[in-house]
Amino acid sequence: MTTPRTRKTNAPAMDNAPEPQDHKSPAQREAEAAEFISIEHAGRTFEIIADQDDWPLLAIQAFSKNLGIDAIEHLLGPRQWGMYLSTNPTRRDFNVFSDKIAEEFGFGTTGN
């Protein structure tokens, strides 16, 4: 029987390796670098990614199906959607909010 060989390396010890600066994916870093459009509504400021090519696919899909509420929920993300809901909006209020978004991005209405 032969004894397995052990391989010696001259690799530096990992104890002294530098810590990574962040644990974000390239997509997360790219999204953070994207420019945003600010929408003022109900005394709050909402930030929406300016480039529609960088919007979440679920938002685009909802817009394509004329599901404006779902589209804006996905567009805002969970934190901002929660902030919007904390204003206790009515249907009329949502229509005003969605019209502001539609106007900023140059399309007619969000379908509501």
Worksheet item: So is I60 of a type outside the set (F, W, Y), outside any helix (DSSP H, G or I) and modelled with pLDDT of 95 or more or not?
Response: no
Worksheet item: Which of the residues belonging to the stretch 75-107 are loosely packed, with under 12 Cβ neighbours inside 10 Å, more than 19 Å from the chain's Cα centre (by Cα) and farther than 21 Å from D54 by Cβ?
Response: S86, N88, T90, R91, R92
Worksheet item: Out of P89, P78, which single residue is out of contact with any Gly (no Cβ under 6 Å at 6 or more places or on another chain) and closer than 22 Å to E35 by Cα?
Response: P78
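Among the residues of the stretch 32-49, is there at least one that is in a helix (DSSP H, G or I) and either modelled with pLDDT of 85 or more or under 18 Å from the mean Cα position of the chain (by Cα) (or both)?
Yes - at least one qualifying residue is present in the stretch 32-49.
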Item to complete: Give the residues of the stretch 78-90 that are in contact (Cβ under 8 Å) with a residue 12 or more places away in the chain and part of a helix (DSSP H, G or I), sorted by residue number.
Response: Q80, M83, Y84
Worksheet item: Condition test on D70, is it surrounded by 15 or more Cβ atoms within 10 Å (Cβ to Cβ) and charged (D, E, K, R)?
Response: yes
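The values are calculated or read from the model by the stated rules, or taken from the named source; none is laboratory data. Nothing here was measured: the structure is a model prediction, and the numbers come from that model. Reconstructed Cβ throughout: ideal geometry from the backbone, glycine too, with neighbour counts over all protein chains shown.
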